[in-house]
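Structure first, then comments.
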Amino acid sequence: MAQHGNLSINSENIFPIIKKWMYSDHDIFFRELISNGCDAITKVKKLEMMGECNLPEDYKPEIKVIVSSKDKTIKFIDNGLGMTAEEVEEYINQIAFSGAEAFLEKYKDKANEDQIIGHFGLGFYSSFMVSEKVDIDTLSYKDGAKAVHWECDGGTEYDMEDTDKDTVGTTITLHLNEDCNEFSNEYRAREIIEKYCSFMPYEIFLENADDTEQKTEIIEKDELQEGDVILETIVEPAKTKEIEDEDGNKKEVETAPATERLKIVKRPVSLSDTKPLWTKHPNECSEDEYKEFYRKVFRDYKEPLFWIHLNMDYPFNLKGILYFPKINLEFESAEGVIKLYNNQVFVADNIKEVIPEFLMLLKGVIDCPDLPLNVSRSALQNDGFVRKISDYITKKVADKLSGMCKTEKESYEKYWDDISPFIKFGCLKDEKFCEKMNDYVLFKNLEGKYLTLPEYRKNEDDSLKEKIFYVKDEVEQGQYIKMFKDAGLDAVILDNKIDQAFISQLEQKNEGLKFLSIDSDLSETFKEEDADEETVNKLSEIFKKALNNESLTIKVEKLKDAEISSMITINEESKRMMDMMKMYAMNGFDPAMMGGSGDTLVLNANNSLVQYILNNPDSENINIFCEQLYDLALVGHGSLSPEQMTVFIARSNKIMSLLAK
C-alpha cells in the first residue's frame with residue numbers, strides 16, 4: 001500500500017542541522033549505517049536463540065557495501081532482522097528521540113566539537129549529510145511480512161510502498177550529492193571502512209558495481225572451499241629428466257609429479273576482523289600475534305617494547321591492549337595513538353576524557369561498551385564513571401611497570417631508557433600514578449648501573465644520603481665526572497628535558513632530598529683545606545681587574561688534584577631557572593636579569609699557574625694568563641661561544657709563542 005506523509009519531528013526541517021552540525025566528519029555515515037546493519041544482525045541472532053525466529057542452516061551474517069561512481073550511489077546491505085511497514089513508521093518516520101523540538105532549540109547553535117552521535121537514534125539520518133535522496137528496501141523476518149520501500153529527498157516528506165524484495169534484511173541506497181561523489185569511489189570507501197569498521201563483529205564486504213571484469217585467483221586443489229566457483233582446471237604435466245644408467249642406456253625419469261590447480265572466481269575478502277586480539281583472553285594470545293596486531297593496526301614495523309592486555313568484566317566491561325613503543329626521548333614530539341572502540345566500533349583517537357593524558361604517548365586500543373560515548377565531550381569530562389575507567393587504566397599500567405621492576409628487573413632495565421620519558425611524564429601529570437611509581441623509577445649512575453631511588457640512597461654515605469648529584473651532559477661535564485670517579489663518588493645521568501621538572505617534583509615528595517648538578521659546587525671530598533683570606537682576596541682582585549668584570553663571583557680552593565687550574569660551578573637554583581627559561585623558549589632571556597648568571601669561577605690555589613699569577617701580579621702577561629684560565633674553565637664546561645673560541649685559540653697560540661722564546 002502506497003503512502004505519502006510528513007516526517008514527525010516537530011520541527012520545520014532537521015536535515016540542515018544534521019548536515020551542518022551534528023557530525024563534524026562527513027565520512028561518519030559509513031560507520032553509522034554499517035553499525036545499524038550489525039545491530040540488526042545481532043538482534044535476529046538473539047531472536048533465534050530465544051526461539052522467536054528460524055534462520056537458514058547456512059545463514060552467514062554479513063554486511064555488503066556496493067559503490068558505483070557511475071550511478072553516484074552507495075548501497076548498504078545487511079541480512080539482519082529487517083523491518084515491517086509499522087517499524088519503518090516508528091523508527092524512521094518519527095525520528096526516534098523524545099522532545100525533538102526542545103532538543104533542536106537547545107542544540108541548534110552548538111559548535112562542531114560538541115558532537116552528539118547515535119544517542120538519540122539519529123545514526124541513519126547521517127546519510128543525508130552526503131545524499132540528495134535515500135532509499136530503504138527492507139523485509140522483516142516475521143512470518144507473512146511484506147517488503148517495504150521507503151524514500152526521502154532530505155525534506156520533511158517521504159514516500160513508502162510495498163516492494164518485491166524477497167530476502168530478509170535491509171538495503172539502504174544513498175544517491176549522493178554532486179560534491180560528495182568521492183564516497184562512491186572504491187578506494188575511498190575502503191579507506192573509510194578500514195578506519196571505522198576494521199573490527200566490527202560481522203564480516204563486511206566491499207564491491208564495486210562499475211567493475212564488470214571478473215576477478216579470479218589460482219588455488220591448490222585441496223584448498224577448494226564450499227561455495228567456490230571453478231572456472232578452469234589447470235593441469236601441469238609431470239616434469240621429467242633424461243638420465244643414463246650404468247650400461248649407458250638412456251631413460252626418462254619423473255622429477256616432479258603432475259599437478260592440478262584450480263582457477264576460481266576470486267573469493268571476497270572481509271574488511272572486518274570479527275575477533276580482534278583484544279577480545280581474547282591474554283592466555284590465548286601469543287607474542288607473535290601481539291606483534292602482528294600492532295603492525296596491522298598502527299602501520300608501525302618497529303617492534304613494540306612490551307604491552308599490557310586489559311581484560312575486565314567487573315565493575316565495568318573494558319578490554320584492550322596498550323603497547324609501549326620506543327618513545328622519542330624528546331617527549332614533547334612523541335605522538336602515540338590510543339584508539340577507542342565501543343563494541344568493536346571505532347569511536348575516536350585519543351579522547352583525553354577517557355585516556356589519561358600521559359598514556360597518549362602509547363599506542364593501543366581500548367574497547368568499553370559501557371562508556372557514554374554518544375553524548376557530548378563536555379559531559380564526559382564530568383562523568384564519574386569515565387573517571388573510574390581512567391583511574392583503572394592508570395592503575396593497570398602502574399601495576400605492570402612496578403611488577404616488571406620487582407620480578408623482571410633485567411628486562412625493565414633494558415627498556416628503561418626508552419620508557420623513562422613516558423613514566424616521568426606520567427608522574428608529573430597523574431598524582432596516583434606518581435605515588436605508585438615513586439620507588440620504581442630508575443636512575444642510571446656513572447657506571448651505567450640502574451638503581452631505584454631507595455637503592456641509590458642506601459648505597460651513599462650518611463653525609464650524602466639526602467644529596468643526589470646528577471649529570472645533564474656527559475661531554476660538557478666530563479671534567480667533573482672524572483673528579484667524581486677519582487674520588488669514589490657517584491652521580492646519576494639526567495639528560496632529558498623532562499628531568500628538571502621531574503626532580504623538582506621528587507624533592508617535594510621526598511622530604512630532605514636534594515638534587516644537585518655535578519658542577520653546582522665542589523664537595524669537601526675534593527679539597528685539602530680552605531685557602532687563607534689573603535690569598536682569596538688577592539687572586540679575586542687580580543682576576544676581576546684582568547677580566548674587567550667586577551661582578552664576577554670567584555672562589556679560591558685548595559684542591560687535592562693540583563693539575564686542575566680553574567673550574568666553573570653553577571648555582572643549582574640559577575641553573576634550573578635557566579633550564580626552565582630555555583624549555584619555554586623565552587627569547588632574549590638574559591640570566592643577568594635574574595640577578596646574575598649563577599656562575600662561579602673556582603681557582604685552585606695548589607695549581608702552579610695559579611700560584612704564578614698570585615706571586616707575579618705585575619707581570620706583563622698576567623692579563624693573558626687570567627683570561628686563559630677563565631676560558632679554560634669555560635671550555636671545561638663546554639660553554640664558549642664561537643666568538644670566544646676564536647679569541648681563545650688566538651690567545652693559546654700567543655702563549656705558546658711566548659713559551660717558545
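The values are calculated or read from the model by the stated rules, or taken from the named source; none is laboratory data. Everything numeric here is computed off the predicted structure, so don't read it as measured data. Using ideal geometry, Cβ is built from the backbone for each residue, glycine included, and neighbour counts are taken over all protein chains shown. Remember, those area values only see protein heavy atoms, side chains included, never the ligands or the DNA or RNA. Shrake-Rupley method; radii C 1.70, N 1.55, O 1.52, S 1.80 Å.
For the cross-link pairs Lys72/Lys296; Lys275/Lys352; Lys263/Lys302; Lys43/Lys263, which exceed 29 Å when the distance is taken from alpha carbon to alpha carbon?
Values: Lys72/Lys296 31 Å; Lys275/Lys352 26 Å; Lys263/Lys302 37 Å; Lys43/Lys263 38 Å.
The answer is Lys72/Lys296; Lys263/Lys302; Lys43/Lys263.
Distance between the C-alpha centers of the range 255-280 and the range 603-656? Whole Å please.
One Cα centre to the other: 77 Å.
Report, in whole Å, the centroid distance computed from the Cα atoms of the range 167-200 and the range 400-470.
50 Å
What nm value, rounded to one decimal, do you get for the distance between Glu242 and Lys388 when each label is placed 7 Å out toward the C-beta?
Between Glu242 and Lys388, the simple spin-label model gives 8.4 nm.
Amide H of Thr553: which non-local residues (sequence gap of 5 or more, or other chain) have their own amide H closer than 5 Å, using H built in the peptide plane?
Result for Thr553 returns Leu601.
What does the extension gain come out to for Lys352 and Met49, with contour length at 0.36 nm per residue minus their alpha carbon separation? Before the final figure, lay out each step's value.
On the way: separation 303, 0.36 × 303 = 109.08 nm, distance 3.90 nm.
Difference between extended and current length: 105.2 nm.
Quick one: with all protein chains in place, what share of the accessible area of the range 217-342 is carbon or sulfur, to the nearest percent (1.4 Å probe)?
Values: 3750 of 8180 Å².
Of all accessible area on the range 217-342, carbon and sulfur atoms account for 46 percent.
Full extension from Thr156 to Met656: what is 0.36 nm times the residue separation minus their Cα-Cα distance, to one decimal in nm? Numbers along the way, then the final one.
Numbers: separation 500, 0.36 × 500 = 180.00 nm, distance 9.50 nm.
Full-extension gain reported as 170.5 nm.
Around Leu547, with a cut-off of 14 angstrom between Cβ atoms, what is the net charge of the other residues, counting Lys and Arg +1 and Asp and Glu -1? Show your work: numbers first, answer last.
Details: positive: Lys544, Lys545, Arg651; negative: Glu541, Glu550, Asp599, Glu627, Asp631.
Value of the local net charge: -2.
Relative to the Cα centre, what is the charge dipole magnitude of the range 232-294, using +1 at the beta carbon of each Lys and Arg, -1 at the beta carbon of each Asp and Glu, and rounding to the nearest 20 debye? Intermediate values should be presented prior to the final figure.
Numbers: 11 positive and 16 negative charges, 129 e Å.
Magnitude of the dipole: close to 620 debye.
Sorted from largest down, what three extents in whole angstroms do the Cα atoms of the range 186-332 have along their principal axes?
In descending order, the Cα extents are 81, 47, 35 Å.
Pick out, in residue order, every one of the trypsin sites (Lys or Arg not before Pro) in the range 270-314 that is DSSP loop and has at most 16 other C-beta atoms within 10 Å; say none if there are none. List each step's numbers first, then the result.
Values: sites: Lys280, Lys291, Arg295, Lys296, Arg299, Lys302; in loops: Lys280, Arg299, Lys302.
Hits after loop and neighbour filter: Lys280, Arg299, Lys302.
Report, ordered by chain and residue number, the lysines lying within cross-link reach of Lys436, taken as a straight Cα distance under 16 Å and ignoring same-chain residues fewer than 8 apart.
The qualifying lysines are Lys395, Lys396, Lys400, Lys406, Lys424, Lys509.
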